[in-house]
Amino acid sequence: MGNYDEDTAFLGQKGPFFIILFFLLNGVYISTGLHSFYIVFVGASPSHHCRIADGNLSEEWMKASIPNEIVNGKLQPSQCWRYSLETVRKLSAQGYSPLEVNLTDITLETCVDGWSYSTEIYHSTIVSEWDLVCDSEWRVPFASSTLYMGYLLGSLVSGQLSDRFGRRKVFFMSLAAEALVILAQSFSNSWLLFCVLYFFVGTFQISVYITAFVLGNEVLSESLRVSFTSLGASLHYCFGYMLLPWMAFAVRDWRSLLRVLSGLTVVFIPLWWLIPESPRWLLSQGRVLESEAIVREAAKKNKVSAPEVIFIQSEVQQAASQNSKYSLLDVLWTRDIRKTTFLCLLLWIAINIGYFGLSLNTTNLSGDPFLNCFLSAVTEMPAYIVSLLLLKSCPRRPVLSAFLIIGGGFLLLLQLIPESQHTLALVLEMAGKFGLTISFTVVYIYTAELYPTVLRNLGMGLCSSAARIGSITAPYIIFLGKPALSCVSNHLHHSGLEKTPCVLSIRKGTFNKYLPYILMGSLTIASSIANMFLPETFRKVLPETLEQMQKCKR
């Protein structure tokens, strides 16, 4: 098939065709940023406590009917328990006040009458609508994981579909399907239906992300390709991520928020008439005339002259007859490709566990949830900018290994920080996320450069599928660091008498708060060592066939 970059060198590097396509593809990534973390607000748990369904109790007794518990070192009313309502009614009827009774002698019971939710921050969420608290609290993180399960399916299927039917068709079909599924999700009447639809949101969302990434990587010029994959897509994704909390702040009802997000996605559908198919993919299918037509249109927009013959028909047809034989098994078939694939899978799993683990952990920070989400997105911007500067002038392999070690090293240092040094611990955690965000960006372009055109989408899809294993696992790794709660006495004095109502212990067991950081840090550093066995792709020609693909080091 020859070399596509050499055959199309007459187009230049930064003509109008490339620049317009660069911004159109980047614009689509705003929608992926909007959709990736809306579960943070849709699945938020408002302040709540057991509902006291008795209008005859005084306000004093209604407040006293809820025991106290310590959460993150703070005293607050229990969210899952209340004192026996029957006993409280008897004491109230006998004329006692809560301060005259030893409340610890009263039996505890669950919230049999449901819960009362605060509407101060959220008007409505799936938690408040379907009572996903206490014994049902596990359903919220499970709902979050269904998105990543959808990522797993979409990563595998989208690669095969776009290799067969084309990048452009799969890209826009996935975009339209994602908008429809999010709209349908806003009409969910149960948690189960919400999770099923969220699974398909993940399937179509990752398909949009991957096919747009591959499309840009194959159509854009070499200089803009690096900017697109390392900075353009990431920054626009981050811009959508930063826009999400402000939209959630303005629209506090979860159903309305989903409908707004669905409507914004539809705006990108008309780009069908502006974004072309990948000429590289058309060549791999033997469709020379269609590929040349796109290249000649690009030359016209760039105001350059195209040669009479751009691609040699016989070479293209010979390559196409070989390309038609490739499938997902070929990514694992030969020894050299299997080595590359295995090392890439390890990198993607480790990086995703660290990145998503730290991203999900920011929701545990105190303060305004909308501002916390915004700041979490803002901290990624410097990492994307640094990654672009490094990718333009530095080899991929040492850059990736260095920032994997930096990210993992800072996470391992957290266990050495004294409990009182909260600011220092936060700085180290953000430094770890900085390193992992750069690694997340670099590994995308590095993997795309390792695989040839005939297997690139399949390889990217397989690696992205492995990454979903990491993202699905991340919430449970963070859960390992949840602090155990203890029962203490809160001394009250009234009329010279000392009362000691118990502060409820809501969970037993010993948990190491640093265990998630140890696991993520160790796995990240281990992956940096494995990365050193991959071949270097910096300033190398993008491989078109299996024969042009570089081999791993021994």
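The values are calculated or read from the model by the stated rules, or taken from the named source; none is laboratory data. This structure is a prediction, so every number in the text was calculated from the model and none was measured. Note that we place each Cβ from the backbone using ideal geometry, even for glycine, and neighbour counts take in every protein chain shown. Areas reflect the complete protein model, heavy atoms only, side chains present, ligands, DNA and RNA absent. Shrake-Rupley method; radii C 1.70, N 1.55, O 1.52, S 1.80 Å.
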Exercise. What's the number of the condition residue 69 fails, among (1) assigned to a helix (DSSP H, G or I); (2) surrounded by 20 or more Cβ atoms within 10 Å (Cβ to Cβ)?
Worked result: (1)
Seminar exercise, completed: Flagged pairs (Cβ under 6 angstrom, 6 or more apart or on separate chains; first in the stretch 138-167, of a type in the set (Val, Ile, Thr); second part of a helix (DSSP H, G or I)) are 146/195; 146/198; 146/199
For this session: Taking residue 262 as meeting all but one of (1) within 27 Å of residue 543 (Cβ to Cβ); (2) touching a Ser or Thr at 6+ places or on another chain (Cβ under 9 Å); (3) among the hydroxyl-bearing types (Ser, Thr, Tyr), write down the number of the exception.
Result: (1)
Exercise. Residue 22 passes all but one of (1) over 30 Å from residue 130 (Cα atoms); (2) among the aromatic types (Phe, Trp, Tyr); (3) at pLDDT 85 or above; (4) open to solvent by less than 20 Å² (accessible area, probe 1.4 Å); which number fails?
Worked result: (4)
For this session: Could you tell me which of the residues 135, 131 is on the phi > 0 side of the Ramachandran plot and among the acidic types (Asp, Glu)?
Result: 131
Problem set entry | Selection from the stretch 248-275 of residues that are open to solvent by 30 Å² or more (accessible area, probe 1.4 Å) and within 26 Å of residue 22 (Cβ to Cβ) | 263, 264, 266, 267, 268, 269, 270, 272, 273, 274
For this session: Give the residue that is most open to solvent (accessible area, probe 1.4 Å), with candidates limited to residues of the stretch 276-301 that are of a type in the set (S, T, N, Q) and farther than 20 Å from residue 20 by Cβ.
Result: 285
Problem set entry | Cβ-Cβ under 8 Å pairs, at least 6 apart or on other chains, the stretch 81-103 side in contact (Cβ under 8 Å) with a residue 40 or more places away in the chain, far side in a helix (DSSP H, G or I) and surrounded by 15 or more Cβ atoms within 10 Å (Cβ to Cβ) | 103/64
Exercise. Residue check: is residue 213 among the aromatic types (Phe, Trp, Tyr) and modelled with pLDDT of 90 or more?
Worked result: no
For this session: Please specify each residue of the stretch 166-192 satisfying the condition of being charged (D, E, K, R) and under 17 Å from the mean Cα position of the chain (by Cα).
Result: 178
For this session: Those residues that are β-branched (Val, Ile, Thr) and either more than 30 Å from residue 3 (Cα to Cα) or surrounded by 23 or more Cβ atoms within 10 Å (Cβ to Cβ) (or both), I need them from the stretch 215-247; list them, please.
Result: 219, 229
Exercise. Since residue 322 meets every condition but one in (1) of a type outside the set (Val, Ile, Thr); (2) modelled with pLDDT under 80; (3) open to solvent by less than 80 Å² (accessible area, probe 1.4 Å); (4) within 30 Å of residue 36 (Cα to Cα), which condition does it not meet?
Worked result: (4)
Problem set entry | Test result for residue 354, under 16 Å from residue 516 (Cβ atoms), surrounded by 21 or more Cβ atoms within 10 Å (Cβ to Cβ) and touching a residue at least 24 places away in the same chain (Cβ under 8 Å) | yes
For this session: Quickly run through the stretch 107-141 and pick out the residues that are closer than 20 Å to residue 67 by Cβ and hydrophobic (A, V, I, L, M, F, W, C).
Result: 108, 111, 112, 115, 133, 134
Exercise. Residue check, residue 83 against (1) buried (at least 21 other Cβ atoms within 10 Å of the Cβ); (2) closer than 30 Å to residue 472 by Cα, all met but one. Which one?
Worked result: (2)
For this session: Could you please tell me which pairs satisfy a Cβ distance under 7 Å, a separation of 6+ or placement on different chains, a first residue in the stretch 109-135 that is farther than 17 Å from residue 252 by Cβ, and a second residue that is among the basic types (Lys, Arg) and open to solvent by 30 Å² or more (accessible area, probe 1.4 Å)?
Result: 111/51; 113/51; 114/51; 115/51; 116/51; 132/139
Exercise. Out of 127, 101, which single residue is modelled with pLDDT of 85 or more and either surrounded by 20 or more Cβ atoms within 10 Å (Cβ to Cβ) or of a type in the set (Asp, Glu) (or both)?
Worked result: 127
Seminar exercise, completed: If we ask which residues in the stretch 517-543 are over 9 Å from residue 408 (Cα atoms) and touching an Asp or Glu at 6+ places or on another chain (Cβ under 9 Å), their number turns out to be 6
For this session: Please work out if residue 195 is over 19 Å from the mean Cα position of the chain (by Cα) and under 19 Å from residue 475 (Cα atoms).
Result: no
Problem set entry | Those residues of the stretch 133-173 which are assigned to a helix (DSSP H, G or I), farther than 18 Å from residue 37 by Cβ and open to solvent by less than 10 Å² (accessible area, probe 1.4 Å), in sequence order | 155, 158, 159, 162, 167, 171
